[in-house]
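The values are calculated or read from the model by the stated rules, or taken from the named source; none is laboratory data. Computed from a predicted structure; not experimentally measured. No Cβ is skipped: glycine too gets one built from the backbone with ideal geometry, and neighbour counts run over all protein chains shown.
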Amino acid sequence: MSLTDRAYELIRRDIISCVLPPEAEFTEVDLAGRLQMSKTPVREALARLQFEGLVRAYPRRGYQIEPVRLSDINDIFDARAIVEAGVITLAVERITDAELERLDGLARASSDDGYATDFERSHRLNNEFHEAIALASGNLRLHRMVVQTNTELERFFFLEAHAEDAYPADHVTHGQIVARMRERNPETARQAIIEHIEGTRRLLVGALMDGKIGKNLLLA
């Protein structure tokens, strides 16, 4: 891993976990000192984070962590619902038995005791599950779109993981999505993943608006 890659990973992790909170201001010198690196890899890492929409640069002033906006959450979830509904429609028609078994394994892993207590593991398993459906669609462009929306949601998923509220009993699980896919019915599979995504949106937005997680971080 290059110094730039290392700087990128460290800074991004601190942004996602809100160690560097929304609207925090800093300079390249601040971060270089904190990471014990020269300014060059830090500057290059910050350029990548600007492209991802996590950091904003201000000439002669430094940088600021982009705030968490309710409008961003809704925009990304809208995009996610549209893209993944289309993805699963294709995947149901094209998925192999081996791919279904892998999805089933990921679904079972996302319902065990450790899933709710280990954010890094749960985040990885969630991404792998949704990306596996996208890969089963056979459309690499759609796969890249799913990866992109999941990447943009990472900071919000971190906040969701720290919400006090549990998912309601009627929340559509990964296991239920796989069950619908096994039926090879595109419409029921499509409806299952939309309900799953919308349930996640409701939990996250509700917890933020009620002040149960990070309301002080949220902009309208």
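Pick from 89, 96: which is at pLDDT 95 or above, of a type in the set (Val, Ile, Thr), more than 20 Å from the chain's Cα centre (by Cα) and surrounded by 13 or more Cβ atoms within 10 Å (Cβ to Cβ)?
89
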Subset tally (residues that are within 15 Å of residue 129 (Cβ to Cβ) and without any contact (Cβ under 8 Å) to a residue 24 or more places away in the chain) for segment 193-212: 0
Number of positions in segment 25-57 that are under 24 Å from residue 72 (Cβ atoms) and either in contact (Cβ under 8 Å) with a residue 24 or more places away in the chain or crowded, with 17+ Cβ neighbours inside 10 Å (or both): 11
Contacts under 7 angstrom Cβ, first residue in segment 127-156 being in a loop (DSSP other than H, G, I, E, B), partner crowded, with 19+ Cβ neighbours inside 10 Å, 6 or more apart: 137/87; 137/91
Residue match in segment 16-29 (condition: over 17 Å from the mean Cα position of the chain (by Cα) and in a helix (DSSP H, G or I)): yes
Condition met for residue 138 (outside the structural domain of residue 23 (by TED's automatic domain parsing), in contact with a Leu (Cβ under 9 Å, 6 or more places away or on another chain) and at positive phi): yes
